[in-house]
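S.K.: Pasting a structure below so you can have a look.
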């Protein structure tokens, strides 16, 4: 049986606050990356502030929320992170997923797509979830294409919710159901 946390290009590993804080300090120097990760204003962060943030997040971690580092399969290099926040474990069995590849030199190489495939496999086979949802801003077409590739469907749009560079942008809601994922992967 294949390791569920390993894909074709990347693997998911335990979330190390110290390592991730150092990487985020480097990654957040890129304001374009920050704008793709978050709707907030771009800011520079120290390694200590990053470490404190990640340690606090892990201490408060709800057992139904899952945080992973994304590592390149061939050299184990840290590429980014992915998280799955289960909203309703026993009722609707829904979760939100978030993903980021930190270094722009690693964008467009399929690492994020592969990481999302792994996370969906984990969500639907290990956690037995019914639905996984995400949000993405319309100014991130690379991410939108990646999500569509793994089976996410457009489900909604918050029109003109974000003002950035003098222009209003929509936030898209995308989702995938367990049966859709199974059809794609076991069809």
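S.K.: Identify the residue in region 76-131 that is in contact (Cβ under 8 Å) with a residue 40 or more places away in the chain, farther than 20 Å from residue 23 by Cα and assigned to a strand (DSSP E or B) and, among all such residues, is farthest from the chain's Cα centre (by Cα).
M.R.: Going through the qualifying residues, I end up with 131.
S.K.: How many of the residues in region 80-112 are within 19 Å of residue 150 (Cα to Cα) and buried (at least 21 other Cβ atoms within 10 Å of the Cβ)?
M.R.: Matching residues across region 80-112 total 10.
S.K.: Further question on the same structure: State all residues of region 150-166 that are surrounded by 11 or more Cβ atoms within 10 Å (Cβ to Cβ) and either without any contact (Cβ under 8 Å) to a residue 60 or more places away in the chain or within 30 Å of residue 181 (Cβ to Cβ) (or both); if no residue qualifies, say none. Step through it out loud before you land on a result.
M.R.: Filtering region 150-166 down to residues surrounded by 11 or more Cβ atoms within 10 Å (Cβ to Cβ) leaves 150-158, 160-162, 164.
Within region 150-166, 150, 151, 152, 153, 154, 155, 156, 157, 158, 160, 161, 162 meet the criteria.
S.K.: Among the residues of region 167-179, write down those that are part of a strand (DSSP E or B) and surrounded by 12 or more Cβ atoms within 10 Å (Cβ to Cβ).
M.R.: Those that are part of a strand (DSSP E or B) and surrounded by 12 or more Cβ atoms within 10 Å (Cβ to Cβ): 169, 170, 171, 172, 173, 174, 175, 176, 177.
S.K.: Look through 129, 172 and report the one residue that is under 19 Å from residue 5 (Cβ atoms) and touching a helix residue (DSSP H, G or I) at 6+ places or on another chain (Cβ under 9 Å).
M.R.: 129
Every number in this text was worked out from the coordinates using simple rules, so none of it is lab data. Everything quoted here is computed from the prediction, not taken from an experiment. As a convention, Cβ positions derive from the backbone with ideal geometry for all residues, glycine included, and neighbour counts pool all protein chains shown.
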